[in-house]
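Values in this text are rule-based calculations from the coordinates and carry no lab data. Note that the coordinates shown come from a computational prediction; the quantities given were computed from them, not determined experimentally. Ideal geometry is used to build each Cβ from the backbone, glycine not excepted, and the neighbour counts take in all protein chains shown.
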Amino acid sequence: MIKAGIVGATGIVGQQFLVALKDHPWIEIAALAASERSAGRSYKEAIIDAQSGALRWFCQEPPVEEVMAMPVQNAIEMDVSALDIVFSAKHGEPPRRHLIRMSASARNLTKNKYLIYSARLFLN
C-alpha cells in the first residue's frame, strides 16, 4: 500500500480527499495534518465545533470512520518520514511556502516520495 498524508485534513477540500481516498485499492491514509488548533486531537475531536458540539463535516458522503480516531498533526511540524505521498488541501502562496519549508527542513520528501499540491487536479 502507498502510505498517504493529507495536509489541511479538517477543511472542506481535506474532507473531499478523505472521501476520495476511502477504500482506495492502492492508497492508505496514514497521517493527517491541520492547523495548530487541531493538532494533538483526534480527527473527530478536531472537526467538532467547540461551541455547538456539531460535527463540521461538509461532504454529502458520511464521515470516513477509519480516520476519526487518528491523531491530527500540526501541519508545520508534520512528520512525513513514513509517508510515500502527501496530498495538500491548501492552496496559494503561503501554503506553498509552508510545504517547501516542511519538506526542506525534514528532508523527508525524497526522489521516491511525492507531493500532490493541487486538490483540483486530483478531485476533478
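Between amide H atoms placed 1.01 Å from N, distances below 5 Å from Ile6 occur with Ala31, Leu32, Ala33, Phe87, all of them 5 or more places distant or on a separate chain.
Each peptide in 14-22, 35-43, 57-65 gets a packing score, the mean of other Cβ atoms within 10 Å over its residues, and the list from highest to lowest is 14-22, 35-43, 57-65.
Note that region 9-62, at 37 °C in a medium of 0.692 mPa s, gets a Stokes-Einstein diffusion coefficient of 273 µm²/s from its Kirkwood radius over C-alpha pairs.
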